[in-house]
Amino acid sequence: MMCVQQQFNGWRLLRWVGWVLLGLALVAAGGIAYGLRSTPDIDLGVHATGSVDAEVQALFLGTSSMAWTDGKTTWMVDGFFSRQALGRVAFSRLDVDEQRVLEVARETFNRLDMPHVLSGIVVAHSHYDHALDAPFLVKTYGGNLYGSASTGQIALGQDVPGTRVYVTGKEGLANFGQFRVELRESAHAPTGFTGGFNTAPLRLPAHALSFKEGTSYSFLVSHPLLGSGPFALIQPSAGFIPGQNNGVAVNTVFLGTGGLGKLDADYLAAYWQEMVMNTGAKQVYLIHWDNFTLPLMQQGLPISLQAMPNLVDDFSRSLRELKKLAKRDSVNLRVLNAWDIVEFPRPR
Ligand SMILES: [Zn+2]
């Protein structure tokens, strides 16, 4: 009898534990769903465009993607436009969303009032949110592709002819018409998803985690209309090698902020010091702050970016901290929205 009673109590306990575990799992799932859905509202302000008739322009396209032109030549950084939904990124293998990429590319050329031709693309590093679409873009619109050996494997996996893939080591140089773009080894933001090289052609479809980082670069942009040395630094990922900008002087920095919201204040200050103070920049544009599982266009029309979900990043916090530093150092800070055009007027 005693034994049956114990067994009964045992079952009751087990059932109770089961319910508690289920409850906890539901609360956790709810928390994750909430964290993924709640995003900070970012005030992007209103920016007049087209007021300065500068030849050199950069059109921002989310993440660290952008299109640059001087009215003669067009080239891109990354050109990641597929921006698959989170569910597809997590649970399926990715392919280039050709329709989306073509739609964004066409809109980009039209807004820049340029023929639909590319001189080339520089790829920041080999994660899918930088490297996935670049091979398709150069196959469609022409030009050469520049990046690490890891990015080279992604290009070969998409059948870009080897003669049009320029593999860079720690440093490299890409000439696009009169533009000169220096590739310099930098570092990825310490997000935990770093390291590794693709060592064989990466065929699509492939899971997001198959895209190994390779080398992470920063880019120094020069153009004769804007002086003899570099005028802009593009830092796609929020990482740095201490001293990487020794000897670099630029007026403008495109500053990658992805992941900064979860890193400590000392890291953020050191990153700012290396990128902004050490280069003497007076204008900073924030890039790679957006949720790249959302598209750049909807029903044929360009749409606004949204910040990363709070669970993944805390862009409000990054922005708050960066604004303090910008104020302290008298630096102009602006968050770039997709489709914003930055103009670089000739110095008088
Ligand atoms: Zn990355």
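The values are calculated or read from the model by the stated rules, or taken from the named source; none is laboratory data. These numbers were taken from a predicted model, which means no experiment stands behind them. In this analysis, Cβ positions are derived from the backbone assuming ideal geometry, glycine residues included, and neighbour counts consider all displayed protein chains.
Applying the condition of being away from the ligand (no atom under 15 Å from the Cβ) and loosely packed, with under 14 Cβ neighbours inside 10 Å to the stretch 183-200 and asking which residue is farthest from ALA124 (Cα to Cα) yields ALA200. Condition check for GLY239 on (1) closer than 26 Å to PRO345 by Cα; (2) assigned to a loop (DSSP other than H, G, I, E, B); (3) within 16 Å of the ligand (Cβ to nearest atom): one failure, at (1). Across the stretch 283-302, the number of residues qualifying as in a loop (DSSP other than H, G, I, E, B), touching a strand residue (DSSP E or B) at 6+ places or on another chain (Cβ under 6 Å) and surrounded by fewer than 20 Cβ atoms within 10 Å (Cβ to Cβ) comes to 0. Determine whether PHE211 is assigned by TED's automatic domain parsing to the domain that holds ASP97, within 16 Å of the ligand (Cβ to nearest atom), touching a His at 6+ places or on another chain (Cβ under 9 Å) and among the hydrophobic types (A, V, I, L, M, F, W, C). So PHE211 fits the description; yes. Of the helices (runs of 4 or more DSSP H) lying entirely inside the stretch 98-182, those carrying at least 2 residues that are away from the ligand (no atom under 16 Å from the Cβ) are 98-111, 134-141, 149-157. Could you please let me know if LYS262 is farther than 29 Å from GLU343 by Cα, out of contact with any helix residue (DSSP H, G or I) (no Cβ under 6 Å at 6 or more places or on another chain), within 15 Å of the ligand (Cβ to nearest atom) and basic (Lys, Arg)? For LYS262, the condition - farther than 29 Å from GLU343 by Cα, out of contact with any helix residue (DSSP H, G or I) (no Cβ under 6 Å at 6 or more places or on another chain), within 15 Å of the ligand (Cβ to nearest atom) and basic (Lys, Arg) - is met. Residues considered: LEU233, LEU305, LEU255, LEU311. Of these, the only one that is closer than 24 Å to GLY79 by Cα and assigned to a loop (DSSP other than H, G, I, E, B) is LEU305.
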